[in-house]
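Chemist: I have a structure here, written as structure tokens, and I will follow up with some questions on it.
The values are calculated or read from the model by the stated rules, or taken from the named source; none is laboratory data. All values derive from a computational prediction rather than experimental measurement. Methodologically, a virtual Cβ is constructed for each residue, glycine included, from the backbone with ideal geometry; neighbour enumeration extends over all protein chains shown. Only protein heavy atoms, including side chains, enter the accessible area calculation; ligands, DNA and RNA are left aside. Shrake-Rupley method; radii C 1.70, N 1.55, O 1.52, S 1.80 Å.
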Amino acid sequence: MSLRESPFPNCFLEGLHAVGWGLIFPCFWFLDRLLAVCVSTSLERMWRIEQECYLHPLKVVFGSVLFFILFIISTPFALLGFVLWAPLQAVRRPFSYHHQVQSVHAEDRNARWEETRKVSFGFLTGNLCLLPDGVARFNNLGYTQKRASFIGKSIVQGVTRPHIRIFVDSPSSCGTITPSSSLIPQPTPSSYGSVDFSVTDQKDGTEADEANGPNQQQLPKPNCNQNSNQHKHPPRPLRDGDVLIEVSSLFPSSVDIVCFQEVFDKRAALKLARALGPLYGHILYDVGVYACQPAGTCSSFKFFNSGLLLASRYPVMEAQYHCFPNGRGEDALAAKGLLAVKVEIGLQKGQKKMVGYINCTHLHAPEGDGEIRFEQLNMLTKWISEFQAVTRREDEMVMFDVLCGDFNFDNCSPDDRLEQSHSVFEEYTDPCRAGPGKEKPWVIGTLLEQPTLYDENMRNPDNLQRTLESEELRKDYLSPPVPLSGVPLVYPEPDQPWVGRRIDYLLYRESSVSSHCRTEVEEFTYVTQLAGLTDHIPVGFRLSVSLDSEEM
């Protein structure tokens, strides 16, 4: 079944919604700029020190006064727009759908699947922190609109690179040579976030400057014309049995489905969707509900959507969203929940067509609220089972069932023991997990320390790659485990590596796929290409699905 792009059932309601939001937006934008002019990132503070700029206090004073006055003037129009906008949320489908013909084609790794009896699929997940610019700055990240465009272009550049891996079988072999070495030309590592690049002459005439005035320095654009000698530090892959583990400065090649969290800003979501559209023709964004929820009540007002975004190379057949009803505090202002999607892979065996399920979520954030996250895990496993029971057909072969997202708890913190023991890890396989509270030796945390995002060891993909590969450096730049209140933390245990908090998960389930299929993880990748663009490390894996001879 083809999805309509608009979240509204007809053009009239869509137009009313556009008018309402058009009246609200100026007030929202002025408030966002008011926050942005008052809050600087550590990168901007470094810029001012290097350029010996001492006028910033005046800029803050006059900018604050200006945007506050404009905010007050626009408030009556925003109230009028709210009267139009809020009731329409009751009839709004909880996601928008962006579809375009794919003009950039990734490598087809399933061309000979009938001969090999194997089909493989690549998945990626990451938290992008694409909040409104003024709010994102509290996480030491700014320039939300520019980051969104830059992230989308970086993903397309990384995913469409040639998938070359050369194994050197000799005593002096140092491992695997991958495309991020000097064998083939590659996109340059992002210099965004570094303090050693020239920004004074960079101009972007295609979009209005998001910063606080026309003289604000511009951020660099992605550049795919640099020589590969920029990549002086090739990855050092490891193996966990038959699984290849690597930290890569580029996104894995041929990723089929990407899932992102914290894409809260609607303009940034649209920019990201447009940037990804040439490669991922089917994108669900602006996922979630707004205003009073449940509709018609005043029990919980949602200022932000769920922040979930899913981009797929495969057509979306069915999609369903559920909002967690038990949010608390500032987390309750966002419609966090579960997005469950069924996709058609485009391959067929006999009368049966191949499909897959991908589930993306973002759980409650504040530390110490393990009971809330535990209950949300209960809800999402129930919702996934119900969605698959309703959408599964007899003439289909389910090839994969993946659950991913920002779970906001890890597998090493004593404070997260309740969530670590949840039954979701009995239903789904976590390739990084050795058991409750114990990670595999090669695992790396995915949550970065925000104050150090622009330090020398973090400021570009290659430097961040080296940092993640060094246990000593990880201690300074990854978030440490959370101790129990009043109990001293002993970490790590003797003879165990220092891992850090891994809160971004990629899980897969075999019990729900077709009975003649066997699922294995081929590759697991930590991606550093978004250094300086987010405070999380995206992770990806490639699943290999083998079909029994009976099925073939």
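Chemist: Of everything in the range 508-530, what is of a type in the set (D, E, K, R) and in a strand (DSSP E or B)? Give them in sequence order.
Modeler: Filtering the range 508-530 for residues of a type in the set (D, E, K, R) gives 509-510, 518, 520, 522-523.
Of everything in the range 508-530, those that are of a type in the set (D, E, K, R) and in a strand (DSSP E or B) turn out to be ARG518, GLU520, GLU522, GLU523.
Chemist: Tell me yes or no: at least one residue of the range 487-499 is in contact with a strand residue (DSSP E or B) (Cβ under 8 Å, 6 or more places away or on another chain), under 19 Å from ILE444 (Cβ atoms) and modelled with pLDDT under 95. Walk me through how you get there before you give the answer.
Modeler: Pass one, the range 487-499, residues in contact with a strand residue (DSSP E or B) (Cβ under 8 Å, 6 or more places away or on another chain): 499.
Subsequent filtering for residues that are under 19 Å from ILE444 (Cβ atoms) retains 499.
Narrowing the set further to residues that are modelled with pLDDT under 95 leaves 499.
So far as the range 487-499 goes, yes, one or more of its residues are in contact with a strand residue (DSSP E or B) (Cβ under 8 Å, 6 or more places away or on another chain), under 19 Å from ILE444 (Cβ atoms) and modelled with pLDDT under 95.
Chemist: Condition (residue is among the basic types (Lys, Arg) and under 28 Å from ILE345 (Cα atoms)) applied to the range 497-510: is it met by at least one residue? So that I can check it myself, show each step before the final result.
Modeler: Just the residues of the range 497-510 that are among the basic types (Lys, Arg), to begin with: 501-502, 509.
Now restrict to residues that are under 28 Å from ILE345 (Cα atoms): 509.
Checking the range 497-510: at least one residue is among the basic types (Lys, Arg) and under 28 Å from ILE345 (Cα atoms).
Chemist: Among the residues that make up the range 257-268, is at least one of them in contact with a Lys or Arg (Cβ under 9 Å, 6 or more places away or on another chain), assigned to a strand (DSSP E or B) and more than 18 Å from LYS302 (Cβ to Cβ)?
Modeler: Yes; the residues of the range 257-268 include at least one that is in contact with a Lys or Arg (Cβ under 9 Å, 6 or more places away or on another chain), assigned to a strand (DSSP E or B) and more than 18 Å from LYS302 (Cβ to Cβ).
Chemist: Identify the residue in the range 282-301 that is under 15 Å from HIS362 (Cα atoms), of a type outside the set (Ser, Thr, Tyr) and touching a Leu at 6+ places or on another chain (Cβ under 9 Å) and, among all such residues, is surrounded by the most Cβ atoms within 10 Å (Cβ to Cβ). Explain how you work it out, then say what you get.
Modeler: Step one: of the range 282-301, the residues under 15 Å from HIS362 (Cα atoms) are 285-289.
Restricting the remaining residues to those that are of a type outside the set (Ser, Thr, Tyr) gives 286-289.
Restricting the remaining residues to those that are touching a Leu at 6+ places or on another chain (Cβ under 9 Å) gives 286-288.
Values: ASP286: 24, VAL287: 26, GLY288: 23.
Among those residues, the one meeting the criterion is VAL287.
Chemist: What number of residues in the range 135-165 are part of a helix (DSSP H, G or I), open to solvent by 30 Å² or more (accessible area, probe 1.4 Å) and of a type in the set (Lys, Arg)?
Modeler: Residues flagged as part of a helix (DSSP H, G or I), open to solvent by 30 Å² or more (accessible area, probe 1.4 Å) and of a type in the set (Lys, Arg) within the range 135-165 amount to 1.
Chemist: Within the range 437-479, how many residues turn out to be in a loop (DSSP other than H, G, I, E, B) and either open to solvent by 40 Å² or more (accessible area, probe 1.4 Å) or not polar (S, T, N, Q) (or both)? Break it down stepwise before answering.
Modeler: In the first step, residues of the range 437-479 are kept if they are in a loop (DSSP other than H, G, I, E, B); the result is 437, 440-446, 449, 453-460, 470, 479.
The next check asks that each one be either open to solvent by 40 Å² or more (accessible area, probe 1.4 Å) or not polar (S, T, N, Q) (or both); those that pass are 437, 440-445, 449, 453-459.
Matching residues across the range 437-479 total 15.
Chemist: Identify the residue in the range 337-356 that is out of contact with any Leu (no Cβ under 7 Å at 6 or more places or on another chain) and open to solvent by less than 30 Å² (accessible area, probe 1.4 Å) and, among all such residues, is farthest from GLU375 (Cα to Cα). Full working, then the answer.
Modeler: Let us first name the residues in the range 337-356 that are out of contact with any Leu (no Cβ under 7 Å at 6 or more places or on another chain), namely 337, 340, 342-353, 355-356.
Filter once more, so that each one left must be open to solvent by less than 30 Å² (accessible area, probe 1.4 Å): 337, 340, 342-343, 345, 355-356.
On the way: GLY337: 12, ALA340: 18, LYS342: 24, VAL343: 28, ILE345: 32, VAL355: 29, GLY356: 26 Å.
In this case the residue turns out to be ILE345.
Chemist: Those residues that are in contact with a Cys (Cβ under 6 Å, 6 or more places away or on another chain) and at pLDDT below 95, I need them from the range 294-327; list them, please. First the steps, then the outcome.
Modeler: Pass one, the range 294-327, residues in contact with a Cys (Cβ under 6 Å, 6 or more places away or on another chain): 298, 301, 308, 310.
Residues satisfying the conditions are CYS298, PHE301.
Chemist: When the range 16-51 is examined, which residues are found to be of a type in the set (Gly, Ala, Ser), under 17 Å from THR75 (Cβ atoms) and surrounded by 15 or more Cβ atoms within 10 Å (Cβ to Cβ)?
Modeler: Restricting attention to the range 16-51, the residues satisfying the condition of being of a type in the set (Gly, Ala, Ser) are 18, 20, 22, 36, 40, 42.
Add one more test, that the residue is under 17 Å from THR75 (Cβ atoms), and what stays is 20, 22.
Residue satisfying the conditions is GLY20 alone.
Chemist: Here's another thing I want to ask about it. Of the numbered conditions (1) within 20 Å of LEU530 (Cβ to Cβ); (2) among the aliphatic types (A, V, I, L, M); (3) surrounded by fewer than 18 Cβ atoms within 10 Å (Cβ to Cβ), VAL490 satisfies every one except a single condition; which is it?
Modeler: VAL490 satisfies every listed condition except (1).
Chemist: Name the single residue, out of those in the range 90-114 being assigned to a loop (DSSP other than H, G, I, E, B) and buried (at least 18 other Cβ atoms within 10 Å of the Cβ), that is modelled with the lowest pLDDT.
Modeler: ALA106
Chemist: Sticking with this one: Among ASP415, ASP369, ASP395, ASP401, which is open to solvent by less than 10 Å² (accessible area, probe 1.4 Å), acidic (Asp, Glu) and touching a residue at least 24 places away in the same chain (Cβ under 8 Å)?
Modeler: Numbers: ASP415 fails: open to solvent by less than 10 Å² (accessible area, probe 1.4 Å); ASP369 fails: open to solvent by less than 10 Å² (accessible area, probe 1.4 Å); ASP395 fails: open to solvent by less than 10 Å² (accessible area, probe 1.4 Å).
Sole residue among the options that is open to solvent by less than 10 Å² (accessible area, probe 1.4 Å), acidic (Asp, Glu) and touching a residue at least 24 places away in the same chain (Cβ under 8 Å): ASP401.
Chemist: Still on this structure, I have one more. Inspect the range 532-551 for any residue being surrounded by 22 or more Cβ atoms within 10 Å (Cβ to Cβ), of a type in the set (S, T, N, Q) and either part of a loop (DSSP other than H, G, I, E, B) or touching a Lys or Arg at 6+ places or on another chain (Cβ under 6 Å) (or both) and give the result as yes or no.
Modeler: Scanning the range 532-551 turns up at least one residue that is surrounded by 22 or more Cβ atoms within 10 Å (Cβ to Cβ), of a type in the set (S, T, N, Q) and either part of a loop (DSSP other than H, G, I, E, B) or touching a Lys or Arg at 6+ places or on another chain (Cβ under 6 Å) (or both).
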